[in-house]
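So the structure is just underneath, and the comments pick up after that.
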Amino acid sequence: MFVLNLRPEEVSSLIRQQIENYGVKLNTDEIGYVLQAGDGIARIYGLMNCMYGELLEFQDGVMGMALNLEEDNVGCVLLGAGDNIKEGSEVRRTGRTVEVPVGNALIGRVVNSLGKPIDGKGEIITDRFRPIEFTAPGVVDRKSVNKPLQTGILAIDAMIPIGRGQRELIIGDRQTGKTAIALDTIINQKGKDVICIYVAIGQKASTIAGIVNTLENLGAMEYTIVVSSTASDLAPEQYIAPYAGCAMAEEFMFNQHKDVLIVYDDLSKHAVAYRAMSLLLKRPPGREAYPGDVFYLHSRLLERAARLSDELGGGSITALPIIETLAGDVSAYIPTNVISITDGQIYLESELFFSGQRPAVNVGLSVSRVGGAAQIKAMKKVAGPMRINLAQYRELAVFAQFGSDLDQATRDKLSQGERLLETIKQPQYKTMPVEEQVVILYTATRKYLLDLPVKDIRKFNTGLIEFIKEEYAHILNSIRDTGDLNQETEVLLQKCIEEYKADFILR
């Protein structure tokens with residue numbers, strides 16, 4: 001005998017409905033009734049053919065998404081305020097999964113996680129829609145990552161290069177400059193034919209407004225879409241936000257064959273929203289109370305970032321997910337999950353940040369699994385010795401604290417390390433073209449700075465670039481156009497550095 005797994009009051013509610021509807025012909029496959037509603041969750045009886053992830057419509061116009069397909073009811077999350085949804089409310093199937101509007105009409109706009117505008121600039125007119133869940137491109141459909149995506153940040157482009165189609169995690173404690181790196185990367189794409197999408201998950205509305213304002217002031221909103229799900233939004237809206245952003249990116253990659261940069265800020269809050277939703281749906285909790293499929297939550301999102309093969313048009317999605325750690329603990333559940341999914345991480349450290357090293361990138365723990373494949377030849381040539389020099393400096397600096405007598409070679413290595421660290425300091429929103437980065441790194445790694453005081457290094461670098469722009473602009477043009485530092489240009493660059501340095505010392 002088949003017995004419904006329902007509570008007595010739910011059974012009485014169903015009997016009452018059946019008596020009321022006796023003799024009325026209903027399509028029970030397409031219309032269901034709410035058994036229970038609250039906390040952004042509704043349990044529905046009667047939708048026997050409902051699909052996983054299907055969009056459901058409640059009688060007051062609120063939409064929901066079916067997530068739990070149980071034997072006798074459907075667990076549904078609400079994508080909007082469900083104040084008028086109560087026991088007995090009618091629910092209709094729509095026959096389609098959750099989808100968002102996509103296309104050029106969204107560029108320059110701020111939208112919510114369902115793609116509806118929230119910037120007060122009127123409706124978004126587009127006839128194109130994409131489902132938020134989509135299968136990631138297979139191995140055959142992909143191409144290896146070898147084209148750089150310049151962030152404009154010296155420390156990253158030199159030592160942790162990012163390629164188009166890569167997934168590079170930005171990880172660190174709160175207030176260490178994670179969002180700043182992502183925003184600088186967006187700002188640096190100006191004029192590079194890259195569409196940028198910034199997905200804010202569970203951020204304060206004031207923070208998102210500040211970010212949009214910054215992007216507008218710096219002219220970056222001309223090629224950027226902001227998908228906003230604030231801390232006050234329901235957990236289901238925060239949950240679908242990154243998938244909605246990814247669907248918008250896929251339209252540009254698959255159909256317009258463009259390069260796209262997408263920032264997920266941040267996936268820690270995304271996992272928390274999913275945990276809240278799952279516990280309300282009575283899914284069994286696992287480690288740290290997260291549901292068992294929390295790894296799949298992020299892997300199916302980040303795997304959609306790819307560089308497509310030439311047969312498919314060669315577009316790409318580069319993902320910069322952000323993860324917030326607590327007291328630098330990268331061994332917690334969500335950080336370890338996302339580290340294992342991505343192609344490297346940029347690790348930011350509070351200690352470095354507060355000591356004035358900004359961006360606060362820990363070069364020892366940060367890594368890019370694409371490596372030199374995503375760098376131009378000139379950058380590869382000048383940045384090669386940098387990581388080793390910094391590693392040696394960190395090692396020697398520990399011993400130097402004891403104040404014992406140091407030989408000249410050790411003192412030189414310490415001096416060189418200090419000057420390299422000063423060189424990679426960079427203010428926010430002051431991104432640097434790759435040809436200027438090559439010149440500055442060449443100066444630092446070839447030990448031209450050893451006889452200058454550390455406090456003058458940044459002033460020297462700024463002055464040197466201005467001097468080259470005025471007197472030897474063809475050096476920068478050559479590096480930019482060829483991507484290489486040939487022998488002729490290198491000789492000219494040495495002459496130029498020596499000429500400027502002599503003048504700088506005399507001042």
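Quote the accessible area belonging to His474 in square angstrom, nearest 10, computed with a 1.4 Å probe and with ligands, DNA and RNA left uncounted.
His474 exposes around 100 Å² with every protein chain in place.
Residue farthest toward the positive end of the dipole of the stretch 341-428, with Cβ of Lys/Arg at +1 and Asp/Glu at -1: which of Ala397, Val382, Asn362?
Most positive-ward Cα: Val382.
To one decimal place, what orientation-averaged projected area in nm² is obtained for the convex hull of the Cα set of the stretch 360-500?
Numbers: hull surface 38.1 nm².
Mean projected area for the stretch 360-500: 9.5 nm², to one decimal.
Report, in order of residue number, the helices in the chain meeting two criteria: a C-alpha extent of 27 Å or more along the helix axis, and a mean Kyte-Doolittle hydropathy of at least -1.0; treat each whole DSSP H run as one helix.
What comes out of the filter, once short or polar helices are dropped, is 377-400, 487-506.
Can you tell me the accessible area per residue over the chain, all protein chains present, probe 1.4 angstrom, in square angstrom? Write out the running numbers ahead of the final one.
Numbers: 22690 Å² over 507 residues.
The answer is 45 Å² per residue.
Over the stretch 248-387, what is the percentage of antiparallel beta bridges among all DSSP beta bridges, to the nearest 5?
Among the beta bridges of the stretch 248-387, antiparallel pairing accounts for roughly 45 percent.
Dimensions of the stretch 432-493 along principal axes (Cα, Å, largest first)?
33, 20, 19
How high is the FRET efficiency from Arg507 to Tyr296, r the C-beta distance, R0 56 Å, rounded to 0.05?
Computed FRET efficiency for Arg507 and Tyr296: 0.40.
List the relative contact order of the chain as a percent without decimals, with contacts defined as Cα pairs under 8 Å and 6+ residues apart.
15
Which whole-angstrom value gives the distance between the alpha carbon centres of the stretch 467-506 and the stretch 256-307?
47
With all protein chains present, how much of the accessible area of the chain (probe radius 1.4 Å) comes from carbon and sulfur, to the nearest whole percent?
52
Regarding the stretch 131-279, what whole-number volume in Å³ per residue does the convex hull of its Cα atoms give?
Looking at the stretch 131-279, the number lands at 130 Å³ per residue.
Expressed as a rounded percentage, what relative contact order does the stretch 36-87 have, with Cα pairs under 8 Å and six or more residues apart?
On the way: 96 pairs, mean separation 21.0, N = 52.
Computed over the stretch 36-87, the figure is 40 percent.
May I ask you to rank Arg130, Arg16 by accessible area, largest first, using a 1.4 Å probe over the protein chains only?
I get Arg16, Arg130, largest accessible area first.
In percent, how large is the relative contact order of the stretch 383-507, given Cα pairs closer than 8 Å and 6 or more residues apart?
Values: 75 pairs, mean separation 29.0, N = 125.
It rounds to 23 percent for the stretch 383-507.
Straight distance only, please: which aspartates and glutamates reach the Cα of Lys204 with their own Cα at less than 18 Å, same-chain residues fewer than 8 apart left out?
By straight Cα distance, Lys204 reaches Asp119, Asp173, Asp233, Glu237, Asp265, Asp266, Glu324.
Could you order Val454, Val140 by accessible surface area, starting with the largest, using a probe radius of 1.4 Å? Please report the intermediate quantities before stating the final value.
On the way: Val454 45, Val140 130 Å².
From most accessible down to least: Val140, Val454.
In the chain, if the dipole is taken from +1 on Lys/Arg beta carbons and -1 on Asp/Glu beta carbons about the Cα centre, which of Val77, Ile341, Leu281 is farthest to the positive end?
In the chain, that residue is Ile341.
When DSSP assigns beta bridges and you keep just the ones with both residues in the chain, what percent turn out antiparallel, to the nearest 5?
55
In debye to the nearest 20, how big a dipole does the chain give about its Cα centre with +1 on each Lys and Arg Cβ and -1 on each Asp and Glu Cβ?
Working: 54 positive and 65 negative charges, 155 e Å.
Dipole of the chain, to the nearest 20 debye: 740 debye.
In nm, to one decimal, how far is the Lys377 label point from the Met48 one, both placed 7 Å along Cα→Cβ?
Going by the 7 Å Cα→Cβ label model, 7.0 nm.
The values are calculated or read from the model by the stated rules, or taken from the named source; none is laboratory data. Everything quoted here is computed from the prediction, not taken from an experiment. Here the Cβ is made from the backbone with ideal geometry for all residues, glycine too, and neighbour counts use every protein chain on show. Side chains are part of the model used for accessible areas, which takes the heavy atoms of the whole protein and leaves out ligands, DNA and RNA. Shrake-Rupley method; radii C 1.70, N 1.55, O 1.52, S 1.80 Å.
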